[in-house]
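Enquirer: One structure coming up, written as structure tokens, with questions to follow.
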Amino acid sequence: MKPKQHLEFVRVDLNTGWERPPGYPPGFYQKILASDLDEAKKRGSRTRLLKIEPGAYSTEPFVHDHWEEVYVVQGDLIVGNDAEGRGGEQCLAPTYACRPPGAKHGPFTSKGGCILHEFHYYETSGKAGGHAQERQ
């Protein structure tokens, strides 16, 4: 994996360039902004936008081995829907979540569609972090 590039205020086109993430259901699309995330070696980070089209839904909770921070930029995100996309708790923009590795979350849907700004990363500030000793 290549290291992240230095990007200085690059215009983000929200109309084109979206791709369906591997393993995601129809109606879920991502736009990678910057990434050197290596899930096999468990290092690096990724910044992306995730778009959920109106009425699209996932049916199973997600779980991964890295940290995830999510900011609902626009629209509505519904968390905890059933296998038919019904129910769950609606979160309206602006809303934020921070999840540690191993946390089950979802499934997700959206009534009107939404765009999420997500950060995925492996531990950088815990026991192995240089400043962790200062906190003890």
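The values are calculated or read from the model by the stated rules, or taken from the named source; none is laboratory data. Computed from a predicted structure; not experimentally measured. In this analysis, Cβ positions are derived from the backbone assuming ideal geometry, glycine residues included, and neighbour counts consider all displayed protein chains. Ligands, DNA and RNA are stripped out before the accessible areas are found, and what is left, the full protein with its side chains, is counted by its heavy atoms. Shrake-Rupley method; radii C 1.70, N 1.55, O 1.52, S 1.80 Å.
Enquirer: Holding the Cα-Cα limit at 24 Å, pick out from Lys42/Lys111; Lys41/Lys104; Lys4/Lys111; Lys2/Lys104 the pairs that are longer than that.
Expert: The answer is Lys42/Lys111; Lys4/Lys111; Lys2/Lys104.
Enquirer: Might you tell me the accessible area per residue for the chain, computed with a 1.4 Å probe and given in Å²?
Expert: Result: 63 Å² per residue.
Enquirer: Further, regarding this structure: In whole percent, and with a 1.4 Å probe on the protein chains, what portion of the accessible area of region 52-94 is carbon and sulfur?
Expert: Of the solvent-accessible surface of region 52-94, carbon and sulfur hold 53 percent.
Enquirer: Have a look at His66, His117, His105 and tell me which one the Gaussian network model of the chain (Cα, springs below 10 Å) gives the largest fluctuation.
Expert: The residue that fluctuates most here is His105.
Enquirer: Using a Gaussian network model of the chain with C-alpha springs under 10 Å, which one of Glu89, Glu53, Glu69 is most mobile by mean-square fluctuation?
Expert: Comparing Glu89, Glu53, Glu69 in a Gaussian network model of the chain, the most mobile one is Glu89.
Enquirer: Sticking with this structure for a sec: Could you give the longest part of the chain that holds none of the trypsin sites (Lys or Arg not before Pro) found in DSSP loops with at most 11 neighbouring Cβ atoms within 10 Å?
Expert: Details: sites that count: Arg11, Lys41, Arg86, Lys104, Lys127.
Here the longest run is 42-85.
Enquirer: So what is the relative contact order of the chain, in percent, for Cα pairs below 8 Å that sit 6 or more residues apart?
Expert: In percent, rounded to a whole number, it is 26.
Enquirer: May I pose another question? Need one number: nm distance between label points at Cys98 and Asp36, each 7 Å from Cα along Cα→Cβ, rounded to one decimal.
Expert: Going by the 7 Å Cα→Cβ label model, 2.3 nm.
Enquirer: Near the amide H of Ala103, under 5 Å away, which other amide H atoms are found, from residues 5 or more places off or on another chain, if H is placed in the peptide plane?
Expert: Amide H neighbours of Ala103: His64.
Enquirer: Can you tell me the Rg and the Dmax, both Å, for the Cα atoms in the chain?
Expert: 16.0, 49
Enquirer: A further question on this structure: Taking 1 over the mean of 1/r across every pair of different Cα atoms in region 29-107, what Kirkwood radius in Å do you get?
Expert: The Cα-based Kirkwood calculation yields 13.8 Å.
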